[in-house]
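Inspection log for the structure reproduced underneath, given as structure tokens.
The values are calculated or read from the model by the stated rules, or taken from the named source; none is laboratory data. Remember, predicted model here, so these are calculated numbers, not experimental data. Because the Cβ atoms are built from the backbone with ideal geometry, glycine has one as well, and the counts that use them run over all protein chains shown.
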Amino acid sequence: MRPRLALEAVTKRYGSFAANDSVSLTVAPGEIHAVLGENGAGKSTLMKIIYGAIRADAGEIFWEGREVSIASPSAARDLGIGMVYQHFSLFETVSVVDNIALVNKDRFDRVRLAARITQLSERYGLPVDPHRLVHHLSVGERQRVEILRCLLQSPKLLILDEPTSVLTPPAVARLFEVLRALAAEGCSILYISHKLEEIRQLCDTATILRGGKVVGSVRPAQVSIAELAGLMVGSAIAPVTRPRAVQGAPRLSVSNLSVQPADPFGTALQDVALAVHAGEVVGIAGVSGNGQAELLNALSGERITAADRIRLDGVSVGHLGAGVRRQRGLAYVPEERLGRGAVPGMSLAENALLTGHRGGLVRRGFIGTGPIEAFAHRIIQRFGVKCSGTNAVAASLSGGNLQKFIVGREYSLAPSVLIVSQPTWGVDVAAAAFLRQSLIDLSRQGAAVLVISEELEELLEICDRIAVLFRGRLSQALPREAISIDQLGVLMTGRDLQPSAA
Amino acid sequence: MNRLYLERRAVPSRLMGVGAPVLALAAMILCAIPMLRLEGLEPLATLRVFFLQPLSTGNGISEWLLKANPLILIGLGLAVGYRANVWNIGAEGMYTVGAICAGWVALRFADGTHHWLLPAMMLAGVLGGMAWAAIPAFLKTRLNTSEILVSLMLTYVAQLLLAWLVNGPMQDPGGLNYPQTALFSESATFSPLVAGMRLNASIFITLGVVVLTWLLLDRSFLGFQLKVSGQAPAAARYAGFAQARLIWISLLISGATAGLAGMFEAAGPLGQLSPVISPGYGFAAIIVAFIGRLRPVGVVFGGLLLSLLYLGGEAAQMTLNVPAALSRCFQGLLLFCLLAADVLVDYRVRVMP
Amino acid sequence: MSLLLPLLNGTLVAATPLIFAAIGELIVERSGVMNLGIEGMMLIGAATAFGVALGGHPAFVAVIVAMLAATLAASLFAILALGFAVNQYAAGLALTILGSGISAVIGRRFGASSVTSIPKVLFGLDPLVYMALALAALVWWFLNRTRAGLVLRAVGEAPHSARAIGYPVIRIRYLAIVFGGAMAGLAGAYLSLVYTPLWVDDMSAGRGWIAQALVVFATWRPGRVVLGAWLFGGVTVAQLFAQTFGLHVPTQFMSALPYVATILVLVAISRNPQTLRLNTPLSLAQPFRPDR
């Protein structure tokens, strides 16, 4: 049988760096094919080439046996290729119908299109209201719209880029049902992910990419997770060690925190309570959009609340701004790096000053260039940040290295409380392991560490206690030993929620 | 055909940092030549009148520095604001109000000799400019209104205010009903540094402001906060830098320097107030700030360059019978070329294989 | 009320150049670009139209040439804002300064000559008044009922997503800028041919900036642009009628009314950050650098 899609020796270079190096793979009709690799392995680049967003430098692409050149996304759509993006490409101020109309070539007729959408959504079990504006939709609903957008073109190949990173475990199961139904009808599926367990559950074949090259092609069901991980990473990464936590005094206490969102489409926090003690790492699980942003803003001081709602080392700080809280020993690593955690156009030395201005870097209003350089240099050394020096512009660093710098900066301030949001999102495996270990080490030195993350595996690896944030309510923080991934999944859908207690 | 694209540099190019304005000037001259031809003007002769003729006499040099004075002063204040992403377009209005306040003080104490009069006028100029800048500052920080349009609208209001004052309350009673104030007394005017030329001591004060601006932007923590707030407002909030305070400081500084410049002009070459007290210094200073790449030393060079363009315009009006507004064409062209050349500081041109 | 008709007439005429310029800029800003050079383009349009009309050509030729000239100027802005992705505020200001200089240089020949105005057709108003209203309606239809309008709005909200789907963001923005230029040129031509058929230096007197404010006030909606333009037209005309009502207000105060009104109107619409955030094209004035 002719393969639906065949790539032969596809290569894409950026300067001297080969994002894809002579990649070959084949996808049969009706096959669910995983493309597996760690962050930075070249998966997204490869998908962009298949979808026509960028051009390969070398190699051939065959579609149903014929050689083709995919010049643009609309050309890809004409062939029958659909793409569901990791970070959705939907337009928020526009309705579902209009979003789908943007990729549809038929005559612009909203009524007819809305009817077709409803029909398809019922057929595949992806309920959605065509006339709602996208910014009112939850993350799960938005993904349904992305998928429906593709399905309306009757695709022969559907590409999904990390689709489950924003889904709760039950939603993942529903997605898999839809995908299996599509495959049974003959649609091929390219499934990009780094989640080994899911790939074993869902996919027929898996191609593993490492450093831009194909290092293996296997049937996931016949291979163990450890083997897959080994192929993905290449060498053994030392697992994170988590010595037993000795809980000290509570360093960060939150009680009765209720906050109305500043953003009209945000989530209100309701009666959140939490305590993080010296010597422990507490994690908050939950899919983005459940109040994480509001909680982080309230904790960091970018949003002021009543004084006694938030206490640092026993002192009420809820009414104090971010600058003052930092002086009291709070450190924070936000999930947006460029533009928030670091200023893209400024050097690493200047970025070190961004939050490091305590401790002798500023004297009587004037900046001390020497001490700043030394501080930045220490961060770079200690955290192994690959860069051209302290004068390198933050925007020139890779995602992983920038995150190492930012975490390193906050770590080096010897904070009493460190809050981190999505610590290893987009970071390569080696750096991710290093960062996770650093967080544990910091807590064992006496700090209180709070981690907010969408990756359940990460939280289970590094946290001593885990709570779940759902629709603005925080569950009790349960000890790691007493909780499983399935239980977390249940909590993430809002069921079995207990009233919060510190 | 090869396609060109821009690739970000790891470290901004220092060579281009200095070279971009020079490149821009050269590009501007190249673009100006066909435009001049189109208007029936001989390019080389016009350019000579513009750039070389004004500097050919001692008096010419004095005028050059005299006109550069307000341009540099206003440009410094604007540069601080632009670094903080606060877009004050209304420096012309703050200049006007500064001149009005200084003029009021001058006329109030017109009798007798007072050594404190000039400093008092300077204070009045600064406060007047700051008061006019406080309006967009308040509206932006409290009511979320764009400072671009507010400051600009206030420019027109300030000019109308001046017109009303010199036609009415501040009009010279013995002046045959011309719309102008009485001439300021001797203690209310700057005396020339050299007899016969108009350049006065206010230029040294401007140099002092240059040094202060450098200290602020390059060496102080407040300057760092302004720069962060300008480049990445989310990072400024993250770091705990109070944005409202920074916006106020930016606008007040640019209002202060513009107001002071207004006083320098009123108490210097003008010697009185009339409906037109500026050939558009407030707007030209915007270009000065950009040519100077928002740095104090650069602003000095930018001010000297634009001052030359102004003088060139006046010379062209006398010699070639072309409106002085021709210099505005050069100013606009120069800013265009500078913006294009500036890209090469942060990016390099690459060819797509 | 023998005054009502001339007042209404005056308001509509005063509103017309504002409608043209503001509608043009509305399209530009919906695509995510802010062009502060409206004033400069209007002046170029005014000078060009006056010059062509003075040369004996019919009015509609003068208008078309004016629109072409302003479009050329807008292209210069587009090259910088789109091609080089420079700071859009600075590029727009450069255009305004250049435009004001060019118009003054062109205008030096005009002296005190006047041109024959465009003849009036219906209710004592020239055809351009009606064209302006038709244009607003057309743009409303374009934005809300066509796919092209939808694409434009998408580009303005999230250019990277639009590009990911495959839309040529740069080309779409260029077309929007060119349209904005043509409209500003048309507005300028109206000023010099109809509004004041004499040449005065800097005759737009800040109308380009008022048009800019109108776009914000109208929260980027064509219908509201017309309402706002009528409001400003009325305020502008009010000063002419002040004396008739026996008001002894200094002329400068009346002249300042439009500018003060602009500030008040901006404050009113900007007060609630939610309203502004919901309606502003999300990517407005941010340079767009596509990844390869």
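Residues to consider are B:145, B:155, B:141; find the one that is part of a loop (DSSP other than H, G, I, E, B), within 14 Å of chain C (Cβ to nearest Cβ) and either closer than 29 Å to residue C:219 by Cα or in contact with a strand residue (DSSP E or B) (Cβ under 8 Å, 6 or more places away or on another chain) (or both). After ruling out the rest, the residue left standing is B:145. Among the numbered conditions (1) of a type in the set (Gly, Ala, Ser); (2) surrounded by 16 or more Cβ atoms within 10 Å (Cβ to Cβ); (3) on the phi > 0 side of the Ramachandran plot, the only one that residue C:104 does not meet is (3).
Criterion applied to A:165, A:138, A:121 was being within 18 Å of residue A:201 (Cα to Cα) and of a type outside the set (A, V, I, L, M, F, W, C), and the one residue passing it is A:165. Condition check: in contact (Cβ under 8 Å) with a residue 40 or more places away in the chain and either closer than 28 Å to residue B:168 by Cα or within 14 Å of chain A (Cβ to nearest Cβ) (or both). Does residue C:237 satisfy that? Answer is yes for this residue. One residue stands out in segment A:348-364 among those that are within 16 Å of residue B:219 (Cβ to Cβ) and of a type in the set (A, V, I, L, M, F, W, C): the one that is nearest to the other protein chains (Cβ to nearest Cβ), namely A:362.
If the requirement is being small (Gly, Ala, Ser), over 10 Å from residue B:94 (Cβ atoms), more than 10 Å from chain C (Cβ to nearest Cβ) and in contact (Cβ under 8 Å) with a residue 40 or more places away in the chain, which of these qualifies: B:131, B:120, B:124? Talk me through it step by step, then tell me what you get.
Details: B:131 fails: over 10 Å from residue B:94 (Cβ atoms); B:120 fails: in contact (Cβ under 8 Å) with a residue 40 or more places away in the chain.
Selected residue: B:124, the only one of B:131, B:120, B:124 that is small (Gly, Ala, Ser), over 10 Å from residue B:94 (Cβ atoms), more than 10 Å from chain C (Cβ to nearest Cβ) and in contact (Cβ under 8 Å) with a residue 40 or more places away in the chain.
Filtered by the rule that a residue be over 19 Å from residue A:447 (Cβ atoms), touching a Phe, Trp or Tyr at 6+ places or on another chain (Cβ under 9 Å) and not in a helix (DSSP H, G or I), segment A:319-335 gives a lone residue, A:335. Out of A:123, A:144, A:116, one residue alone is touching a Pro at 6+ places or on another chain (Cβ under 8 Å), of a type in the set (Lys, Arg) and away from chain C (no Cβ under 14 Å). It is A:144. Mind checking which pairs have a first residue in segment C:120-136 that is free of Cβ contacts under 8 Å to residues at least 60 places away in the same chain and a second that is loosely packed, with under 13 Cβ neighbours inside 10 Å, Cβ under 6 Å, 6 or more apart or different chains? If the second residue must be loosely packed, with under 13 Cβ neighbours inside 10 Å, the pairs left are C:127/C:121. The residues in segment B:88-122 that are buried (at least 24 other Cβ atoms within 10 Å of the Cβ) and not in a helix (DSSP H, G or I) can be counted, and the count is 3.
So which of B:327, B:250 is modelled with pLDDT of 90 or more and crowded, with 24+ Cβ neighbours inside 10 Å?
Details: B:327 fails: modelled with pLDDT of 90 or more.
Of the residues listed, the single one that is modelled with pLDDT of 90 or more and crowded, with 24+ Cβ neighbours inside 10 Å is B:250.
Looking across segment C:78-110 at every residue that is more than 25 Å from residue B:340 (Cβ to Cβ) and touching a residue at least 40 places away in the same chain (Cβ under 8 Å), the one that is nearest to the other protein chains (Cβ to nearest Cβ) is identified as C:107. When you look at residue A:38, is it in contact (Cβ under 8 Å) with a residue 24 or more places away in the chain, in contact with a strand residue (DSSP E or B) (Cβ under 9 Å, 6 or more places away or on another chain), assigned to a strand (DSSP E or B) and of a type in the set (Asp, Glu), yes or no? No; evaluated as a whole, the condition is false for this residue. Within segment C:126-157, if we keep just the residues that are in contact with a Gly (Cβ under 9 Å, 6 or more places away or on another chain) and surrounded by fewer than 19 Cβ atoms within 10 Å (Cβ to Cβ), the residue that is farthest from the other protein chains (Cβ to nearest Cβ) turns out to be C:137. For segment B:176-228, the tally of residues that are within 14 Å of another protein chain (Cβ to nearest Cβ), surrounded by 19 or more Cβ atoms within 10 Å (Cβ to Cβ) and not in a helix (DSSP H, G or I) stands at 1. Checking each residue in segment A:402-435 for being crowded, with 21+ Cβ neighbours inside 10 Å and not hydrophobic (A, V, I, L, M, F, W, C) picks out A:403, A:404, A:408, A:409, A:410, A:411, A:415, A:421, A:422, A:423, A:424. Listed by position, the helices (runs of 4 or more DSSP H) enclosed by segment B:244-353 that each have at least 2 residues that are more than 18 Å from residue B:71 (Cα to Cα) and within 9 Å of chain C (Cβ to nearest Cβ) are B:326-346. Within segment C:44-77, being aliphatic (A, V, I, L, M), in contact with a Leu (Cβ under 9 Å, 6 or more places away or on another chain) and in contact (Cβ under 8 Å) with a residue 24 or more places away in the chain holds for C:44, C:46, C:49, C:53, C:59, C:62, C:63, C:66, C:67, C:70, C:73, C:74. Considering only segment A:211-249, how many residues are under 28 Å from residue A:441 (Cβ atoms) and in a strand (DSSP E or B)? Number satisfying all stated conditions: 0. Reported count of residues in segment C:278-292, each being assigned to a helix (DSSP H, G or I) and either more than 9 Å from every other protein chain (Cβ to nearest Cβ) or surrounded by fewer than 13 Cβ atoms within 10 Å (Cβ to Cβ) (or both), is 0.
Is there a residue being assigned to a helix (DSSP H, G or I), modelled with pLDDT under 95 and over 16 Å from residue C:183 (Cα atoms) anywhere in segment C:42-50? So far as segment C:42-50 goes, yes, one or more of its residues are assigned to a helix (DSSP H, G or I), modelled with pLDDT under 95 and over 16 Å from residue C:183 (Cα atoms). Within segment C:33-55, can one find any residue that is closer than 27 Å to residue A:91 by Cα and either surrounded by fewer than 24 Cβ atoms within 10 Å (Cβ to Cβ) or more than 14 Å from chain B (Cβ to nearest Cβ) (or both)? Checked segment C:33-55: at least one residue is closer than 27 Å to residue A:91 by Cα and either surrounded by fewer than 24 Cβ atoms within 10 Å (Cβ to Cβ) or more than 14 Å from chain B (Cβ to nearest Cβ) (or both). Restricting A:108, A:91 to residues that are within 14 Å of chain C (Cβ to nearest Cβ) and surrounded by fewer than 19 Cβ atoms within 10 Å (Cβ to Cβ) narrows the list to A:108.
In this structure, does residue A:348 turn out to be under 26 Å from the mean Cα position of the chain (by Cα) and among the aliphatic types (A, V, I, L, M)?
Details: under 26 Å from the mean Cα position of the chain (by Cα): yes; among the aliphatic types (A, V, I, L, M): yes.
When the stated conditions are applied, residue A:348 passes them.
The set of residues in segment A:277-316 being aliphatic (A, V, I, L, M), in a loop (DSSP other than H, G, I, E, B) and surrounded by 21 or more Cβ atoms within 10 Å (Cβ to Cβ) consists of A:278 alone. Checking the stated criteria, residue B:71 turns out not to satisfy the condition of being under 15 Å from the mean Cα position of the chain (by Cα), modelled with pLDDT under 95 and under 20 Å from residue B:204 (Cβ atoms).
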